[in-house]
1. Mind checking Rg over Rh on segment 179-221, alpha carbons, Kirkwood formula for Rh?
2. Over the Cα atoms of the chain, what Rg and Dmax result, in angstrom?
3. Note down the relative contact order for the chain as a percent, whole number, built from C-alpha pairs under 8 angstrom at least six residues apart.
4. Where does each of 156-166, 59-69 land if you order them by average Cβ count within 10 Å, highest first?
5. How far is helix 130-150 tilted, in degrees, relative to the longest principal axis of the Cα atoms in the chain, given as a value from 0 to 90 rounded to the nearest 10?
6. Between Ala137 and Arg6, take the C-beta separation as r, use R0 = 41 Å, and let me know the FRET efficiency to the nearest 0.05.
7. Using just the helices of the chain, give the 222 nm mean residue ellipticity in deg cm²/dmol: DSSP H runs with n ≥ 4 each add -39,500 (n - 2.57), and the total is spread over all residues, rounded to 500.
8. Compute log10 of I(q)/I(0) for segment 112-160 with the Debye formula, placing one identical point scatterer on every Cα and leaving out solvent, at q = 0.16, 0.19, 0.32 Å⁻¹, to two decimals.
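A short reminder: the numbers here are calculations on the coordinates, not readings from a lab. Computed from a predicted model, the values in this text were never measured in an experiment. FYI the Cβ positions are ideal-geometry reconstructions off the backbone, even for glycines, and counts take in every protein chain you see.
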Amino acid sequence: MPYAIRVEYAQDRKIRERNKTIYRLAHWPIWIWVFFLAPGPLTFDLFAHGPRKGNFIWLCFVLLGTGVAGYYGQLPGVEPQPYILRFCEDKPNPLYRRICYTFAWNALLNFALLNLAGLAFAALAGKWYLQQIYAYAYFPLLLILVICGFAGILPRVGKSTKGEGWERRYFYGAVWSVTTAQALLLVLWKLLPRSQAGDLFKLTTFVMMLASVGAAAAFGLLPRTRPIIPGELMVAD
């Protein structure tokens, strides 16, 4: 069957029955970052004013929690062996995967949406209210995403892993587009003057980067954004 986008076939991929130690260690910082970002206003304060005592205390809790979870194989990619072996299999999605990917979606969507709202308001009204936006909107959005995760609405957070071959591409597509756009926005924030024209340029660049990288991911042009068509035994990160 022909596809309009690039795809991968499970039988063409190398089977991995165990995760090497270096592979498991390489995935740990991902989840440190995901949960470190969870208290949004504290994270906003970090980028706005630099590290403070609260950031250090929270980082210690995150290091301890993710370290223990990783040691017992309760973080995606940090398991002793891959959990998903057959992409078409209707297999229960473990609770730790559902929690981790729910907060990963929060790290992607919540910050992107709030930064977009702050940029749009600054570009149109000429005033910055980003700190207030984070203070009042971050936790309601987090609650909505947690509810969506609990209901299994978000990709990779469902009760079953049956759609993993397609859902992984939505997740990695969001990672590519949001991470790239946020990194570029941080550079522009440091380089450009605080003016309405500068804010409009930041907003335009941010939206264009989200759209262009998102489009590339949608067509499967970026790593891990091609759907995996079920076939032989295979693994997923």
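1. Numbers: Rg = 11.7 Å, Rh = 10.9 Å.
The Rg/Rh ratio comes out at 1.08.
2. Both quantities, over Cα of the chain: 19.2, 57 Å.
3. On the way: 328 pairs, mean separation 76.1, N = 237.
This gives 32 percent for the chain.
4. On the way: 156-166: 19.1, 59-69: 14.5.
By packing density, highest mean first, the sequence is 156-166, 59-69.
5. So the inclination is approximately 20 degrees.
6. Details: r = 37 Å, r/R0 = 0.90.
Computed FRET efficiency for Ala137 and Arg6 comes out at 0.65.
7. Details: 8 runs with 143 residues, N = 237.
Rounded to the nearest 500, the figure is -20500 deg cm²/dmol.
8. Debye curve over Cα of segment 112-160, log10 I(q)/I(0) at q = 0.16, 0.19, 0.32 Å⁻¹: -0.55, -0.66, -1.07.
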